Every structure is written in C-alpha cells, then in structure tokens.
C-alpha cells in the first residue's frame, strides 16, 4: 500500500469526479506518495501547521490494474526513494481514508491500524 497526505478539499473533489488529483500532478507530472515508514517525516516537513488533511491509502495493484504507472524514484533531499504516481488515482484504488491532524504539540501520529 502507498499513502498520500492530502488536502481535504482535494479528497472532496475526488469523491465528486471519481479520481484523485492535486496540484503536484500538473506541476511535477506525478502525485507524491509515501511508504508507511515515510509518512510521518513527510507530514512534519511539508504539512506542519495544516489541519484540514486526510491520509489516503492507495492499493498499488489496483493502480496497476487501472493503468496508472508507479515508479520509485530517488529523492536526494530525503536520501531515499519515493513512489511517484503518474496519473490520476481512481477511487477504486483508494482503500482507506483517515482524518490526519497534528496533535497539540504539532506532532503527527499514524493511525493505529497502519502497520
């Protein structure tokens, strides 16, 4: 499974259109996503102070079945590879969604059911 921290507005739009997209698809040519062990650092680096977020779980096999290419590409600023999703994500590939909000101390926590 892959994970995406998303603005709630982008998720609401996806529910209306049937596909998830966000500004990074147009700007970078792909949607950024994370493996489970990458979620919290991504949240703290890029989403600090934001409260209207959701965490999406994407099924990589469902993405492949829908013809959406996923490539792991090296990100030198993070020192590891990240999964980049080259196209809109159909709702059929979204397995679970959680509200994703930092605690009062500003730290994010993973939902308890993510291994």
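Taken together, the values in this text are just the output of simple stated rules run on the coordinates, not laboratory data. Please read these numbers as outputs of a predicted model, since none were measured by experiment. Please note: Cβ atoms are built from the backbone with ideal geometry, for glycine as well, and neighbour counts cover all protein chains shown.
Data table
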| quantity | calculated |
| --- | --- |
| For the chain, calculated [θ]222 nm from helices alone, where every DSSP H run of n ≥ 4 adds -39500 (n - 2.57) | -7000 deg cm²/dmol |
| The chain: relative contact order as a whole-number percent, Cα under 8 Å and 6+ apart | 34 percent |
| At q = 0.29 Å⁻¹, base-10 log of I(q)/I(0) for region 18-58 (Debye sum, equal scatterers on each alpha carbon) | -1.25 |
| Principal axis dimensions, region 58-98 - Cα atoms, whole angstrom, descending | 32, 25, 15 |
| Per-residue Cβ neighbour rank within 10 angstrom, fewest leading, 47, 3 | 47, 3 |
| Exposure proxy order (Cβ contacts within 10 Å, fewest to most) of 114, 5 | 114, 5 |
| Highest-fluctuation residue, 77, 22, 33 considered, GNM on the chain with Cα pairs under 10 Å | 77 |
| Two-site label geometry, residue 76 and residue 61: point separation in nm, points 7 Å out along Cα→Cβ | 3.7 nm |
